[in-house]
Amino acid sequence: MITLAWRSLKARKLAILAALLSIVVGSSLVTAGLLVAGSQEQQGAASVTSWRFDGVDAVVKPPASVRLNSGLGLDLPSMPRLSPQEIEDIRRAPGVTAVTLESPFPAYLVAPDGTVTGDAFTRSWGHPWSTAVADSASLVAGREPSRPGEVAVDESVATSAGVSVGSSVPVVLAASTEEFTVSGIVRRPGEQFEHALFFTDEAVARFGGAPVAALVSTTDAEGLRHAAPGLQVFTGGDRAGSLQLDLRQAELAGGSSQFVMVIAFLSLTIAVFVISSTLTVSIGQRRRELAMLLIVGTRPGLIRRMVTWEAVIVGAFGGAVGAVVGIALAELARGFFVAQGLMARGAVVSVEPLPLVAGVGAAVLAALVAAWLPARRATRIAPLEALRESDLPMSSAGRGRAVFGGVLLGTAVACLAGAFVLGGPVMTLGGTVALMLVLTAFPLLIGAAVLLGPTLLRGVLAPLGALLRRWFGGFVAERSIRSDLRRAAGVSVPLTLLVAVSAVLLFQDSANYQARSHVYADQVTADVVVMGGVQLGVPLSAADALDGVPGVAAASSSMSSQLVFDDPPTMRSNGTVTGVDPTGFDEVFDYEVTAGAWSDFTAGSIAVSQIIAEDKGWRIGDTVTFLYPDGTPGDAVLSTTYVDPMGVSDTLLPLDALTPHVLEPFASAVYVALEPGSDTGEVVTAINEALSAVAPGAQATDREQHLAQVAAQASGDNWIILMVVVILGGYAGVSAINVLVASTMSRRREFALLRLAGARRRQITGSLLIEGLVIGTTAVIAGTAIAAATMTGYGYLLTDTVWLPFVGPTYLVIVGCAYLAALIGTLAPIRTAMTAAPLAGVRAW
């Protein structure tokens, strides 16, 4: 049977070329997506930290996670610190000969040209000199720092800033900007993921706070573990992953970014539908061949097995080739995502069997599904009836197809209705379930559009029929589509995917931007906003520097992190926290209060969003207990509850209470209210002059300019979304062209008969042009309806109002691409399909 299937495939090399191309590309996208997504899950902290600590025997630090009352573990948002008692226990452990403490703090060197060395991707940290020794660093110039005003810098800093030994450089710290003299340049082993500045112990004591780790020389590692219960002791190769300061990189290394997983899911969805539709059209064109096999006595079961094996061979071969291509594609994607900060910089693509099996399996499964239904239908009827039907195109959808399509459509509608009933916001349990229902509805709607394609085509033709029948080309196009609805519907599937997937990806980005910018603009009432350069934040000293600026009425710094809420235990165990200055907060922000008042929000209090308060059952005056970002227990009196529709600030704490518990205490922004009658331009100029000495790189702008900058930053990654749309939508578009080309080439007999009946070539070309436009219109309608239903539900979850994030120019480009693919696929093979003389064409068929 395999031999027979193989011979059948060899006899139809050109016919299966389009199917193979779709399978190879689809399998490669699925494989690449899963390999890249899997690489995130496999990366540990050692892959994104430059510290190896092979100059000491052990690194001791507190656990970076907590155990909740439910028994689940939760990673802390900031590194915990060692207590004095824990440090003493480490020093007294048997076999310990030396202990140095690591107290990192953010420290950014300012180059002579005024630029700050470091950015959102490569952070810069200060360390004690003993940390450089423990990491086996070596001096390439100068000496170690010996006085509080000296600093040794690693080579990356010296090169990027253009400084040398003896240079006097400003260093931006969280609380101030101070001048230091470069005493030496340091070379550290291995790949570097951060900039490092090394200070004296006296300077570290001023800037660094409590240590996060102890670097220990010992002869008894087990004795150290027994002497420090509850602490983590890293020895051997584990020392390399013990100090991870860039929490964003650690988060990416742990696989928390969902962007790549979304791409993998969409690739799988598109590949399955495209491969299935492509093969369905291809196999549907073989009805006469299958009927002839029945005429000559071939058993129906044998024919079904032959078609099944053909599908397995085509799917397995194309899937295997695609999997190999996917490995190379995954490596290219890894490099790109790392460069864009979407993956950890130390991530590597590990060729695991599961993604390869998934890529091949998706191809084989889609091929089997596409082959089984046509083969089953062709072999369930009598031989002569099968031959008669093979000459009559399929003009109906089929009862089973229509029923199953209706079931999928009904299920999708039920999912969307459930999402509207549960409602938002998305950060609540009901909102999370509603979001899952919306995401589930999307592939169900696509499946329904695929199965109900013939019905959709009849619906499009109904109002157009009278118009099309007015001239020959339109008459032929309408009859051609109506006489073979399944073929036309199968051709429209990739075009429908192109429109639906592209619109959802682009409109989803627009929905997030529009919703967040709207909420943020309503909340911020400050007249002037100070932001740091290249997303580094603003030193906390900046707000103090504004006190004497004429025209400034109030200034409040803002800092973001997370708190852990485990009492009482609910589904919500953590939430975002924003540290603000209670004095003047209500002058620069406008949060809608639901209980309490902002005048009660003072030292020792906490403000909580209404969603969190309802989830935890908290009331005004209750004592709220929580864990700070570094795991330190804390409590505060609930003074105010407010509305936070997007979950940006689940809680608010006084800045002084939050700052000691974060590793990088920079303000994300400073919000400034001006005195009535002040000239905004003059005050902004004065603020920038005051900031030049204490916060290099920080810049003040008025409210309108700030909102415009936020909008630009929020939409700055649109090109990444566009790239994904080009890849996935392009795959669907190319597949549509392949299917259309194969479909047109298979109709040579039809074209020959039309020419024998007196039709001219340009008339046939005109009819095909109209046919392509009708099929394209059907795909645009179906794809638009799918995207609109999905994005309306998504928009409702974001804002609790029914709205559609619609971007007119973007949508027109998507529609234009769909029509272009339809016309190219239809018109490109016409010349070849009509090259033969009419009688020769009929005989050849």
Enumerate the residues in segment 84-127 having an amide nitrogen under 19 Å from the point lying 7 Å beyond the Cα of T219 toward its Cβ. 90-100
Under a crude label model (7 Å from the Cα following the beta-carbon direction), how far is A462 from R143 in nanometres? 9.2 nm
Work out from phi, with θ = phi - 60° and the Karplus expression 6.51 cos²θ - 1.76 cosθ + 1.60, the ³J(HN,Hα) of each residue of segment 219-234, listed in order in whole Hz, and give x for Gly and Pro. 9, 9, 5, 5, x, 5, 5, 5, 7, 10, x, x, 9, 8, 10, 9
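Whole number please: convex hull volume per residue of the Cα set in segment 48-252, in Å³? Write out the running numbers ahead of the final one.
Working: hull volume 26.0 nm³, N = 205.
Hull volume normalised by residue count: 127 Å³.
Quick one: putting +1 on the C-beta of Lys and Arg, -1 on the C-beta of Asp and Glu, what dipole do you get for segment 48-252 around its Cα centre, in Debye to the nearest 20? Intermediate values should be presented prior to the final figure.
On the way: 15 positive and 25 negative charges, 51 e Å.
With only Lys, Arg, Asp and Glu charged at Cβ, the dipole is about 240 debye.
Using a Förster distance of 45 angstrom, determine the FRET efficiency expected from the C-beta separation of R479 and V813, and round it to 0.05.
Numbers: r = 33 Å, r/R0 = 0.73.
Here the calculated transfer efficiency is 0.85.
Based on the Cβ-Cβ distance of A693 and S517, what FRET efficiency does E = 1/(1 + (r/R0)^6) give at R0 = 41 Å, to the nearest 0.05? Could you put the intermediate results ahead of the total?
Values: r = 33 Å, r/R0 = 0.80.
Plugging the Cβ-Cβ distance into 1/(1 + (r/R0)^6) gives 0.80.
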What nm distance separates the two modelled labels at S65 and V637, each placed 7 Å from Cα along Cα→Cβ? 3.8 nm
How much net charge surrounds E478 when only other residues with a Cβ under 14 Å from its Cβ are counted (Lys, Arg +1; Asp, Glu -1)? +3
Quote the relative contact order of segment 533-697 in percent (integer), defining contacts as alpha-carbon pairs under 8 Å separated by 6+ residues. 36 percent
Interchain or sequence-distant (5+) residues whose placed amide H lies within less than 5 Å of the amide H of Y642 are T594, V608, S609, Q610
Hz values of 3J(HN,Hα) by residue in segment 141-146 - Karplus curve (6.51, -1.76, 1.60), Gly and Pro given as x: 6, x, 9, 6, x, 10
So L820 and Q763, fully extended at 0.36 nm per residue minus their Cα-Cα distance, gain in nm 18.5 nm
Under 5 Å from the placed amide H of F589, counting only residues 5+ away or on other chains, we find T525
Values of log10 I(q)/I(0), in the order q = 0.11, 0.21, 0.23 Å⁻¹, for segment 508-600 under a Debye, Cα-only, solvent-free model: -0.46, -1.30, -1.35
Each label point is 7 Å from the Cα along the Cα-to-Cβ direction; what then is the distance between the points at S350 and V593, in nm? 5.4 nm
Calculated P(r) tail over 21 Å for segment 561-631, as whole % of Cα pairs: 26 percent
Antiparallel bridges, percent of DSSP beta bridges restricted to segment 48-252 (to nearest 5): 75 percent
Go ahead and run the numbers for FRET between L365 and R187, Cβ-Cβ distance against an R0 of 56 Å, rounding to 0.05. 0.55
Residues with amide H under 5 Å from that of G575, placed H, sequence gap 5 or more: L563, F565
Using alpha carbons only, what's the Rg to Rh ratio of segment 533-697 with Rh from Kirkwood? 1.00
For segment 133-140, 3J(HN,Hα) per residue [Karplus equation, 6.51 cos²θ - 1.76 cosθ + 1.60, θ = phi - 60°, Hz, x = Gly/Pro]: 5, 5, 8, 6, 6, 10, 7, 9
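Bear in mind that the values in this text are calculations on the coordinates, not laboratory data. These figures come from a predicted structure and were not determined experimentally. We place every Cβ from the backbone using ideal geometry, glycine too, and count neighbours over all the protein chains shown.
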